[in-house]
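The values are calculated or read from the model by the stated rules, or taken from the named source; none is laboratory data. Not measured: the values here are computed from a predicted model. Cβ atoms come from the backbone with ideal geometry, glycine included; neighbour counts cover every protein chain shown.
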Amino acid sequence: MPIIKSSTDLRNNYNDISTFCHNTNEPIFITKNGRGDLAVMSIDLYNKLTSKYELYKLLEQSEDDFSKDYTLSFEESMKRLREGLNNGTV
């Protein structure tokens, strides 16, 4: 169940909210005038979520490439990787 706090709670109890976010790795939803306004989370959780998002984007791109039959053989893939390593682009 999500934790919901008001913007006043955020202002008056910042340390408690920060501690909760760091200890639980869960966001707290902040309301303003009774309506959802923000999600507050630790930097660690934010980095984890953005890393997952980047991975999902890459997977989606590779699925799209596969469906368009844009694939490489293992040998060609390894050749490109080696070239990239030698050129410093990988």
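Quick check: is even one residue across region 44-65 outside any helix (DSSP H, G or I) and either under 21 Å from I3 (Cα atoms) or modelled with pLDDT of 95 or more (or both)? Scanning region 44-65 turns up no residue that is outside any helix (DSSP H, G or I) and either under 21 Å from I3 (Cα atoms) or modelled with pLDDT of 95 or more (or both).
Scanning region 1-33 for residues being outside any helix (DSSP H, G or I) and free of Cβ contacts under 8 Å to residues at least 12 places away in the same chain gives a total of 3.
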